[in-house]
Amino acid sequence: MSHPPMITATELIDGYRRRTISPVEATEAALAAISRYNPTVNAFVLVDPDGALASAEAAQRRWAAGRPLGPLDGVPMSIKDIFLTSRWPTLRGSRLIDEAGPWREDAPAVARLRESGAVFLGKTTTPEFAWKGVTDSPRYGATGNPWDPGRHAGGSSGGSAAAVGLGMGPVSVGTDGGGSVRIPAAFTGTTALKPTYGLVPLYPPSPFGTLSHAGPMTRTVADAALLMDVITGFDNRDWSAMPTPQGSFTSGLSDPIAGMRIAFSPTLGYGTNDTSVEDAVRAAVEVLADAGAQVTETDPKITEPLEAFHVLWFAAAAKVLQGHDQHLHLVDPGLVEIAEQGRRLTAAQYLDATAVRMDLGITMGRFHADYDVLITPTMPIPAFATDLQAPEGWHSSLWTTWTPYTYPFNMTQQPALSVPCGFSADGLPVGLQIIGPRHADRTVLRVGQAFQNRTDWHARVPDLVNQLARSESKG
């Protein structure tokens, strides 16, 4: 068949309905892409071709009978190796976890996807316990970027982003505790949403607590909305889960944004951007202004909450490694370092950091009384080399120092979407971040869709994919 791996989930569902493509064909194409690209980018820690094809055949029978299970029936996809998945090990990038299991339970998002008939291809890479903004781990090594495998795919959901970016399944599901779906989306030219906290249930509870979200990783906003229709189903194992939303996230997705009040803050008042990143983001904002949005360049007047976030994050890291003192030589040294700092924190320091978080939430709540969304760059820099933990010459090795625009919105629990908006001087993707007030996920998606309706950055594909298309055409 012609080159199908880069077909979106939305297009696949339409093709299944029209019988122009089948779940088995789509799954075979995704598995072929995994065989071709995974040795180069290291996106998957587990691939189950037999299980995937069996699921695809079952989905094909359901479509033939006109009885699909749900919105994603027969769509091949991957799962970040943070989510529990029955019958598959969930090792979280760590040598501390015994692969033997038992593995009997699905995390909420995985359960909803399985109920919807999604075809699980395998599990994707994560840094150890998803602790940082690049994807490398002692257990599995580094994940490369689809646009340049010698550079990071971002983290902590870098494997999912690389998989989606190379057609190794059109969608994936990741986690985001400080930017972990948005950082890799920006670095790889893909789309990802960190929903309002609690909208996608999590179980077991993340050690990073209420900073941690789960969300869709896709190539398009339309696919992200489609995935949200499935993974937002209520699950009583999450004590903080919100009720299942009423109506589809795809409804009204392409409604006009004329008159929408958009605040554009290129630096949040404290960041510094690569010139080509800022140029691409400014051009993207002009696209939204041309669509009729009322754009105002302004900062929300927040103070960089880095130290408060570190208290919350380092304390959680200490909890992650609690009881493993005899095995720290097996652990990512950076994780060991922040866990040691976390163990020295006091309850008073933790409460002070929580107070900073609450004040930040109040400030942003007031800000959004005047603006429907806030736009920033997703990342101030393009992807950097996989043998580094921070850009060359950077003042700190800590991932939070080069992700100034993502982690604040985990603290406030707001929805934040990253969409591709251009390329750096080196030909690497640049991301546009669209942030809404809590519970305004549909608004954020609508702005992202308006941008993608008027641009084709999301349709650009890496040279690796183009090379495959050329080789198939010659064959």
If a residue counts only when it is out of contact with any Cys (no Cβ under 6 Å at 6 or more places or on another chain) and of a type in the set (S, T, N, Q), which helices (runs of 4 or more DSSP H) contained entirely in the range 356-475 have at least 2 such residues? 441-454, 463-474
Considering each of A425, A440, A459 in turn, give the residue that is small (G, A, S) and more than 27 Å from Y37 (Cα to Cα). A440
Which pairs do you get when a residue that is closer than 17 Å to R182 by Cβ, found in the range 384-403, comes within reach of a residue that is surrounded by 14 or more Cβ atoms within 10 Å (Cβ to Cβ) and among the basic types (K, R), reach meaning Cβ atoms under 9 angstrom, with the pair 6+ apart or on two chains? F384/R151; W399/K132; T400/K132; T403/R182
Between a first residue in the range 217-242 that is under 25 Å from V164 (Cβ atoms) and a second residue that is among the β-branched types (V, I, T) and surrounded by fewer than 18 Cβ atoms within 10 Å (Cβ to Cβ), which pairs have beta carbons less than 6 Å apart while being 6 or more apart in sequence or on different chains? G233/T244
Answer with yes or no whether T40 is closer than 27 Å to L464 by Cβ, in contact with a helix residue (DSSP H, G or I) (Cβ under 9 Å, 6 or more places away or on another chain) and surrounded by fewer than 18 Cβ atoms within 10 Å (Cβ to Cβ). yes
Quick check: is even one residue across the range 368-380 under 20 Å from I302 (Cβ atoms), free of Cβ contacts under 8 Å to residues at least 24 places away in the same chain, surrounded by fewer than 23 Cβ atoms within 10 Å (Cβ to Cβ) and not polar (S, T, N, Q)? yes
If you check G158 against the conditions, is it in contact with a helix residue (DSSP H, G or I) (Cβ under 9 Å, 6 or more places away or on another chain), in contact (Cβ under 8 Å) with a residue 12 or more places away in the chain and surrounded by fewer than 24 Cβ atoms within 10 Å (Cβ to Cβ)? no
Being part of a helix (DSSP H, G or I) and farther than 13 Å from A9 by Cα is the filter here; which residues of the range 195-228 pass it? G209, T210, L211
Considering the range 230-278, residues that are aromatic (F, W, Y) and either in contact with a Cys (Cβ under 9 Å, 6 or more places away or on another chain) or part of a loop (DSSP other than H, G, I, E, B) (or both), and then whichever is nearest to S172 (Cα to Cα), we arrive at F249
Give me a count of the residues in the range 331-353 that are touching a Phe, Trp or Tyr at 6+ places or on another chain (Cβ under 8 Å), closer than 14 Å to P138 by Cβ and in a helix (DSSP H, G or I). 2
Could you check the range 384-406 and list, in sequence order, the residues that are in contact with a Leu (Cβ under 8 Å, 6 or more places away or on another chain) and of a type outside the set (A, V, I, L, M, F, W, C)? T400, T401, P404, Y405
Exactly one of Q326, Q322 is free of Cβ contacts under 8 Å to residues at least 40 places away in the same chain and not in a helix (DSSP H, G or I), and that residue is Q322
Identify the residue in the range 17-54 that is in a helix (DSSP H, G or I), in contact with a Ser or Thr (Cβ under 7 Å, 6 or more places away or on another chain) and of a type outside the set (V, I, T) and, among all such residues, is farthest from W147 (Cα to Cα). L53
If we scan the range 298-307, do we find a residue that is in contact (Cβ under 8 Å) with a residue 60 or more places away in the chain and touching a Cys at 6+ places or on another chain (Cβ under 8 Å)? no
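Computed from the coordinates by the stated procedures, all read-outs in this text should not be read as laboratory data. Every value quoted in this text rests on a predicted model; they were computed, and no experiment measured them. No Cβ is skipped: glycine too gets one built from the backbone with ideal geometry, and neighbour counts run over all protein chains shown.
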